[in-house]
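The next block holds one structure in the form of structure tokens; read it before the comments.
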4 protein chains.
Amino acid sequence: MPNANVIVWNEYRHEREMPEVAKVYPDGIHSAIAKWLGTHDDLSVSTATLDEPGCGLDDEKIQNCDVMLWWGHMAHDEVPDELVDKLQRRVLEGMGVIVLHSGHFSKIFRRLMGTTCQLKWREADDREILWVTQPGHPILAGIDDHFILDREEMYGEHFDIPRPDETILISSFDGGEVFRSGCTWRRGAGKVFYFQPGHETYPTYHDANIQRILLNAVRWATPAGAMRIECPNKPSGWLDKE
Amino acid sequence: MPNANVIVWNEYRHEREMPEVAKVYPDGIHSAIAKWLGTHDDLSVSTATLDEPGCGLDDEKIQNCDVMLWWGHMAHDEVPDELVDKLQRRVLEGMGVIVLHSGHFSKIFRRLMGTTCQLKWREADDREILWVTQPGHPILAGIDDHFILDREEMYGEHFDIPRPDETILISSFDGGEVFRSGCTWRRGAGKVFYFQPGHETYPTYHDANIQRILLNAVRWATPAGAMRIECPNKPSGWLDKE
Amino acid sequence: MPNANVIVWNEYRHEREMPEVAKVYPDGIHSAIAKWLGTHDDLSVSTATLDEPGCGLDDEKIQNCDVMLWWGHMAHDEVPDELVDKLQRRVLEGMGVIVLHSGHFSKIFRRLMGTTCQLKWREADDREILWVTQPGHPILAGIDDHFILDREEMYGEHFDIPRPDETILISSFDGGEVFRSGCTWRRGAGKVFYFQPGHETYPTYHDANIQRILLNAVRWATPAGAMRIECPNKPSGWLDKE
Amino acid sequence: MPNANVIVWNEYRHEREMPEVAKVYPDGIHSAIAKWLGTHDDLSVSTATLDEPGCGLDDEKIQNCDVMLWWGHMAHDEVPDELVDKLQRRVLEGMGVIVLHSGHFSKIFRRLMGTTCQLKWREADDREILWVTQPGHPILAGIDDHFILDREEMYGEHFDIPRPDETILISSFDGGEVFRSGCTWRRGAGKVFYFQPGHETYPTYHDANIQRILLNAVRWATPAGAMRIECPNKPSGWLDKE
């Protein structure tokens with residue numbers, strides 16, 4: 001029986017508009033990720049995309065979601081602020097969120113971080129080497145002390161994020177740039193994981209190491225408890241009266 | 001010669017509307033703080049309040065400000081979002097910000113944190129004991145390993161903030177509650193300090209330990225460098241061409 | 001089938017020498033904890049004590065141990081340095097370690113922390129209130145936002161530990177003292193949890209909240225991967241030759 | 001008038017035994033660093049080396065030292081444990097310590113960290129690019145968002161250190177390796193800065209960026225307060241009797 005409801009959210013524009021992307025992800029990045037995650041019995045996986053009604057998300061889906069993955073790039077601004085409010089609230093209550101690649105500029109990530117989330121970038125078939133900086137972290141179970149992606153978009157420091165609670169991966173690129181490519185934070189009762197690889201023109205989400213990390217991350221981000229949204233007045237002696 | 005431009009921002013409503021507050025801070029909380037800070041030659045101190053035109057802040061003042069202190073409570077919503085945008089941007093560029101007491105619910109603090117910033121509370125003349133958890137921190141220079149405020153508003157955990165970069169003070173209250181009462185974070189190039197004491201009906205800002213901490217915090221939060229707001233495309237070989 | 005080998009290590013002197021302690025823990029603190037943990041099918045639990053040959057631990061037991069719990073107080077110095085060397089190495093390789101109460105002064109904890117681990121203390125039947133500061137943490141699954149121990153030894157700040165990776169519980173005591181009573185760190189691939197309650201004259205380890213936290217902590221500390229102890233010379237081009 | 005007593009400690013063996021090192025640092029690495037630091041009026045700078053009596057350090061020098069820099073490599077084991085005990089105690093009391101390059105394996109650094117401090121390495125004239133990951137940090141005042149050392153020893157992840165309080169620099173090397181090359185921690189009241197560059201055959205300590213960072217680091221590490229080494233019994237009511 002599944003113990004986590006997972007939603008893979010994707011902007012799903014590049015894949016429909018650019019043939020070179022459709023070739024890599026014919027049914028969209030969300031479908032590729034959902035297919036792999038869905039082969040695991042502990043996960044119940046669905047997808048949602050920007051151009052579905054309500055961005056594919058309604059209150060019930062959000063409330064029942066345990067972990068949401070988020071890929072977006074060219075249309076961050078089309079995600080309504082009201083939806084971002086609801087997502088943020090749900091994260092604080094306990095939902096895990098895994099922000100992928102260009103999702104660094106998504107409204108929900110910037111909302112949770114409080115910073116610009118800006119970075120250096122280049123599309124030039126750089127080789128990316130991802131180095132483990134925290135061996136033994138559950139998100140890295142089964143991963144060697146480094147792995148390589150033959151081609152990825154370069155993302156370089158300075159990456160304007162709050163100090164991560166955990167920096168579990170740091171990458172280098174052909175040009176000599178470095179990037180904190182795997183970072184975690186807590187926000188309220190919810191866990192946040194930012195994972196940098198995943199440019200739409202490369203087969204990143206078909207890579208076995210990437211898939212393993214996503215699966216680990218979903219399990220890690222599954223809620224272990226909840227936080228109530230409240231700001232209670234507690235009169236003198238309330239503890240003794242309980 | 002001053003090396004830091006400091007602005008003490010205050011909502012300044014309680015003091016004008018409630019006689020019991022006016023008695024403690026006849027010219028407003030901002031004036032009490034500014035007066036003490038202003039006795040130090042390295043600081044150039046001014047004030048700004050909610051009901052001045054533009055909340056007492058214009059683009060030039062914000063741009064020239066090195067450290068801003070922020071007290072607000074009953075009228076957080078009257079601070080325009082556009083002003084909060086500018087303040088956030090200036091913090092990321094390097095401005096320090098010191099958020100006081102009920103400022104935990106201010107727009108600028110919640111914007112920088114990404115969380116609800118909720119807490120438990122009680123107005124009942126609790127005695128507050130503030131315990132040093134990081135001896136040797138510059139904000140605590142000259143402070144013993146604890147100090148006492150005879151009466152303060154109780155603020156209690158769970159305080160919904162991102163994990164602080166530094167938790168330098170933890171308080172207890174008569175009712176047995178605890179609170180992380182002194183916390184720091186970095187956001188972009190800017191330093192953030194949240195400092196919990198300061199309820200408007202108590203003479204907290206006349207207390208020598210509180211004044212010392214505010215002075216230390218202003219010096220600590222003074223920018224040591226800046227961050228540019230940008231997201232540059234860096235073509236292959238750019239490092240060698242510099 | 002068990003997926004974690006757990007050893008509960010105890011000094012086991014107070015219980016044999018002091019009738020008032022024997023009354024609370026007739027078979028020792030280790031037995032009380034091991035009994036509760038052992039009722040869970042995923043755990044294989046054994047015990048070891050100071051006065052057994054080799055402190056009840058040999059190389060094989062250490063190597064096969066996934067999570068070790070450690071209670072000690074009056075005889076920290078009788079634990080041989082060679083054993084501490086082995087324990088430290090095993091933690092860095094991935095073994096979890098849960099340090100209990102007066103274990104704050106144990107050789108293994110001070111070795112892993114690098115600090116004095118000193119604190120304030122008092123034996124006076126204080127009421128301790130433990131407040132959750134990180135809702136949603138797996139160690140706190142099933143725990144409300146606070147819970148109370150009617151009597152405990154007071155441990156008070158400043159607690160001289162390195163900044164915890166996570167501070168998940170903060171306690172208050174009758175005297176107004178506060179203490180970071182639940183803290184986690186990573187050392188190498190191993191997880192460390194310090195948990196403050198557990199004075200030998202009180203029935204703390206019979207408390208349902210305490211038992212639940214210990215169970216959660218054991219599961220949390222179970223290794224998710226390993227670290228090799230090595231310092232390899234990596235000649236130019238090694239990555240391409242792999 | 002100086003407000004910090006600084007001691008630059010150096011093993012000083014390579015320079016005396018290897019002509020290619022003597023060519024770069026004819027009077028030793030310590031002299032090169034001390035000379036630059038000593039041009040600043042706020043610092044009183046002296047040196048100490050391994051082969052002086054008592055390693056060039058006595059109790060008085062240690063007690064009066066505000067910031068110690070430490071370079072060692074081939075003879076870490078010749079530093080007596082008793083001296084390391086004293087250095088650790090002094091750091092906890094408030095002394096800053098700046099650990100340089102191969103000092104990652106020094107006894108004092110490993111003592112303060114509690115981990116192996118192991119890493120990957122290569123001597124092959126790699127170009128090192130150092131990237132700023134925390135703009136606005138006082139140690140990086142005056143440093144651009146990156147700088148380059150034409151030749152350095154490669155140090156690569158995984159670097160087995162406790163999670164840094166601050167990771168302010170991350171480096172890449174020609175081989176594609178990355179390294180957290182500038183990290184800070186607090187231990188007791190003392191500040192610790194590990195700074196990776198500085199292989200003895202390269203003119204690293206003559207580089208303007210490196211010198212600037214060392215100067216900034218010394219000022220940052222200067223004590224802002226002290227911690228007493230004690231573990232006091234605090235009877236009921238002690239706070240009210242003070």
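Numbers for the structure displayed
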item	result
Vicinal HN-Hα couplings computed from phi for region D:15-30 (Karplus, 6.51 cos²θ - 1.76 cosθ + 1.60; Hz; Gly/Pro x)	5, 8, 9, 10, x, 5, 7, 4, 4, 7, 10, x, 9, x, 4, 4
Shape metrics for region A:173-242, restricted to C-alpha atoms - Rg then Dmax, Å	20.2, 64
Volume of the Cα convex hull of region A:156-204, divided per residue and given in Å³	97
Counted charge near B:CYS183, where neighbours are those whose Cβ lies closer than 11 Å (Asp, Glu -1; Lys, Arg +1)	0
Relative contact order computed over region D:1-90 (Cα-Cα under 8 Å; 6+ residues apart), in percent	39
Under-5 Å amide H pairs with A:ARG163, H placed in peptide plane, nonlocal only	B:ARG186
Relative contact order, percent, chain B [alpha-carbon distance under 8 Å, six or more residues apart]	21
Under 5 Å, built H, 5+ apart or other chain: amide partners of B:LYS191	B:GLY96, B:VAL97
Chain D, closest residue to the rotation axis toward C, by beta-carbon, whole angstrom	D:GLY114, 2
Filter on D:LYS23/D:LYS107; A:LYS35/C:LYS191; B:LYS61/B:LYS191; A:LYS61/B:LYS107 - keep pairs with C-alpha separation over 25 Å	D:LYS23/D:LYS107; A:LYS35/C:LYS191; A:LYS61/B:LYS107
Rg [Å, one decimal], Dmax [Å, integer] - chain A, C-alpha atoms	18.2, 67
Stokes-Einstein D for region A:101-222, Kirkwood Rh over Cα pairs, 25 °C, 0.890 mPa s (µm²/s)	169
Whole-number D in µm² s⁻¹ for region A:1-49, Kirkwood Cα-pair radius fed into Stokes-Einstein, 20 °C, 1.002 mPa s	190
Share, in percent, of DSSP beta bridges within region B:40-197 that are antiparallel, nearest 5	75
Nearest-first distances (nm) between copies at D:ASP85, label 7 Å from Cα via Cβ	1.8, 6.3, 6.4
12 Å beta-carbon shell around A:VAL218, net charge (K/R +1, D/E -1)	+1
Hydrodynamic radius of the protein assembly as shown per Kirkwood, over alpha carbon pairs, in Å	29.2
Ranking by accessible area, most exposed first, for A:ASP81, A:ASP42 with a 1.4 Å probe	A:ASP81, A:ASP42
Karplus-derived 3J(HN,Hα), 6.51/-1.76/1.60, for each residue of region A:61-70, Hz, glycine and proline x	4, 5, 5, 8, 7, 8, 9, 10, 9, 9
Phi to ³J(HN,Hα) by Karplus 6.51 cos²θ - 1.76 cosθ + 1.60 over region D:86-101, Hz, x for Gly, Pro	5, 5, 4, 4, 5, 4, 4, 5, x, 5, x, 9, 10, 9, 10, 6
Fraction of beta bridges assigned by DSSP in the protein assembly as shown that are antiparallel (%, nearest 5)	50
In the B-A interface, the accessible area buried, summed over both sides, Å² (probe 1.4 Å)	2900
Computed over region D:162-242: relative contact order in percent, which uses C-alpha pairs under 8 Å that are six or more apart	20
Surrounding net charge for D:GLY28, when Lys and Arg each add one and Asp and Glu each subtract one, Cβ distance under 12 Å	-4
Evaluated at q = 0.13, 0.16, 0.17 Å⁻¹: base-10 log I(q)/I(0), Debye formula over Cα of region C:54-135	-0.50, -0.71, -0.78
Distance between modelled label sites at B:ILE148 and D:LYS241, nm, 7 Å Cα→Cβ extension	1.3
Column: log10 I(q)/I(0), Debye, Cα scatterers of region D:63-106, q = 0.13, 0.28, 0.30 Å⁻¹	-0.27, -1.10, -1.16
Pair-distance profile P(r), taking every C-alpha pair of region D:114-158, with 5 angstrom steps and integer %	5, 19, 18, 17, 19, 17, 4
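The values are calculated or read from the model by the stated rules, or taken from the named source; none is laboratory data. Worth saying up front: this structure is predicted, and the values here are computed from it rather than measured. All Cβ positions, even for glycine, are placed from backbone atoms using ideal geometry, and neighbour counts span all protein chains on display. For the accessible areas, the whole protein counts, side chains as well, though only heavy atoms, and no ligand, DNA or RNA atoms are used. Shrake-Rupley method; radii C 1.70, N 1.55, O 1.52, S 1.80 Å.
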